[in-house]
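Down below is the structure, laid out as structure tokens.
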Amino acid sequence: MRDTLDLDNPVARRRRLVLSLGLIALGLAAVPLDGAVRDFLWTRRVGGDVKRELEFLQQFGAISSIVLVSLVILLLDPADARLKWRRITDIAVAATLSGLVGNLLKMFLGRPRPLFDDPMHLLGPLGKYPVESGTGGVRLMSAWEMGAKGVSDLWSMPSSHAMAGACLAFCLATLYPKLRALCVGLAVIVCSARVLLNAHYVSDVLIGAALGWLVAAFVLRRELGSRLVSLAVPSLRPDARAAGV
């Protein structure tokens, strides 16, 4: 698959690094403005059909969208079956790694979501924050504890939706360059939706998108998914046909 991609081009690699680091820097610069943006949007919440459409589109990058993308690749990509499966596994590994990195950073940083209106607060790995308990009272909890209970109120930074959307967008835009504009547009919609729906601050989605982009580039450049599937299913190795496997 390497000969179909431009991931080893030094100029392209430097450009991707500069753009992703620039996006992270922009996200950090946006932190002092997060509170003002949150206050503006909190009293102007979207509703009705707009809200429903945003809630649907923000799932670009989630498991369901990856399954659908995989089916489309299998059904419509004219490439050899081996190459199609290698592409699908690269996307799956990139998405999995993006989710793991995002969740670990969320628990390590421990930033309260916009509903707490406390944008400058980072708990760190050991800090605790007052949150409502299931019995209606308030108790101090860490981001790690809340994550273990399946509650993400202290998991604002980075946005996992933004990471997943940017990750899938980068994979598809790299593997299928004709889809680049569409994929970038969908990633922007995902980031915008998370802010408009008051689930994240602007800085959360900017940093999340940059991290998702970096994870996807890391996986595709090293063909991590392709290597895994080649080990698990030797018949899917790129040289399998020539070797008669």
- [ ] Quick one: angle between helix 160-175 and the longest Cα principal axis of the chain, in degrees between 0 and 90, rounded to 10, please.
- [x] 20 degrees
- [ ] Please identify, among 144, 213, 155, the residue showing maximal mean-square fluctuation in a Gaussian network model of the chain using a 10 angstrom Cα cutoff.
- [x] 144
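Evaluate the Kirkwood expression for the hydrodynamic radius of the chain, namely the inverse of the mean inverse distance over all pairs of different C-alpha atoms, and round to one decimal in Å.
About 19.2 Å, per the Kirkwood formula over Cα pairs.
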Open item on the list: Taking loop as defined by DSSP and a crowding limit of 12 other beta carbons within 10 Å, which trypsin sites (Lys or Arg not before Pro) in the stretch 31-135 fit?
Closed with: 44, 45
Task: Long-range amide H partners of residue 141 with built H, under 5 Å - done: 129, 131
TODO: Compare 43, 174, 89 in a GNM of the chain, Cα atoms joined below 10 Å, and give the one with the largest fluctuation.
DONE: 43
TODO: Starting from the Cα gyration tensor of the stretch 103-149, take the square roots of the eigenvalues, sort them a ≥ b ≥ c, and report rounded, prolate or oblate (rounded when a/c is under 1.5, otherwise prolate if a/b is larger than b/c, else oblate).
DONE: oblate
Task: Cα-based helix-to-principal-axis angle, 202-222 vs the chain, degrees rounded to 10 - done: 20 degrees
- [ ] State the extension gain, in nm to one decimal, for the chain segment bounded by residue 40 and residue 218, taking 0.36 nm per residue of separation less the distance between their alpha-carbons.
- [x] 60.4 nm
Task: Mean Cα-pair separation over length for the chain, i.e. relative contact order, pairs under 8 Å, 6 or more apart, % - done: 30 percent
- [ ] With label points built 7 Å along Cα→Cβ from the Cα atoms of residue 9 and residue 188, find their separation and express it in nm.
- [x] 2.2 nm
Task: Cα→Cβ-extended label distance, 7 Å offset, between residue 181 and residue 108, nm - done: 3.8 nm
Task: Top of 20, 156, 64 by mean-square fluctuation, Gaussian network on the chain, Cα under 10 Å - done: 64
TODO: Note the angle between two axes, namely the Cα long axis of helix 180-196 and the longest principal axis of the Cα atoms of the chain, as a number of degrees from 0 to 90, rounded to the nearest 10.
DONE: 20 degrees
TODO: Return the whole-Å distance between the Cα centroid of the stretch 140-200 and the Cα centroid of the stretch 63-96.
DONE: 20 Å
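Computed from the coordinates by the stated procedures, all read-outs in this text should not be read as laboratory data. Because the structure is predicted, anything quoted here is derived from the model rather than measured. Every residue, glycine as well, gets a Cβ built from its backbone with ideal geometry; the counts of neighbours run over all protein chains shown.
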